[in-house]
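Q: Dumping the structure here so I can ask a few things about it.
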Amino acid sequence: MTERLTRLLRSEDAATADLAEKHPIGRLGVPSDITGTVLFLACNHSGFITGPNLVVDGGYLAQ
């Protein structure tokens, strides 16, 4: 997903830093950021949830 930006900035580290500063949480997501949400939705504690939109993006869309 970051291939084009990496080419433009000529560095994967620069591309990662550029994208991280665009997220209010200050970093890019990692797989474990998603697994917590998935595990919650799969457990009994979410038994009364019916089709919400859960945005797991470090606050990116809330800006």
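Q: If residue 48 satisfies all but one of (1) open to solvent by 100 Å² or more (accessible area, probe 1.4 Å); (2) assigned to a helix (DSSP H, G or I); (3) of a type in the set (Phe, Trp, Tyr), what's the number of the condition it fails?
A: Every condition holds for residue 48 apart from (2).
Q: Open to solvent by 60 Å² or more (accessible area, probe 1.4 Å), farther than 18 Å from residue 55 by Cα and charged (D, E, K, R): is that true of residue 27 in this structure? Talk me through it step by step, then tell me what you get.
A: On the way: open to solvent by 60 Å² or more (accessible area, probe 1.4 Å): yes; farther than 18 Å from residue 55 by Cα: no; charged (D, E, K, R): yes.
Criteria not met by residue 27.
Q: Checking the conditions here, which among 19, 5, 39 is open to solvent by 90 Å² or more (accessible area, probe 1.4 Å), among the hydrophobic types (A, V, I, L, M, F, W, C) and in a helix (DSSP H, G or I)?
A: Exactly one of 19, 5, 39 is open to solvent by 90 Å² or more (accessible area, probe 1.4 Å), among the hydrophobic types (A, V, I, L, M, F, W, C) and in a helix (DSSP H, G or I), namely 39.
Q: Output yes when any residue across segment 36-44 is within 13 Å of the chain's Cα centre (by Cα) and aromatic (Phe, Trp, Tyr), and no when none is.
A: Within segment 36-44, not a single residue is within 13 Å of the chain's Cα centre (by Cα) and aromatic (Phe, Trp, Tyr).
Q: I'm checking my understanding of the structure. Among residues of segment 51-63 that are under 17 Å from residue 25 (Cα atoms) and free of Cβ contacts under 8 Å to residues at least 12 places away in the same chain, which one is surrounded by the most Cβ atoms within 10 Å (Cβ to Cβ)?
A: Among them, the one singled out is 55.
The values are calculated or read from the model by the stated rules, or taken from the named source; none is laboratory data. Because the structure is a prediction, the values reported are computed rather than measured. Because the Cβ atoms are built from the backbone with ideal geometry, glycine has one as well, and the counts that use them run over all protein chains shown. Each accessible area value is taken on the protein alone, full model and side chains, heavy atoms only, with ligands, DNA and RNA left out. Shrake-Rupley method; radii C 1.70, N 1.55, O 1.52, S 1.80 Å.
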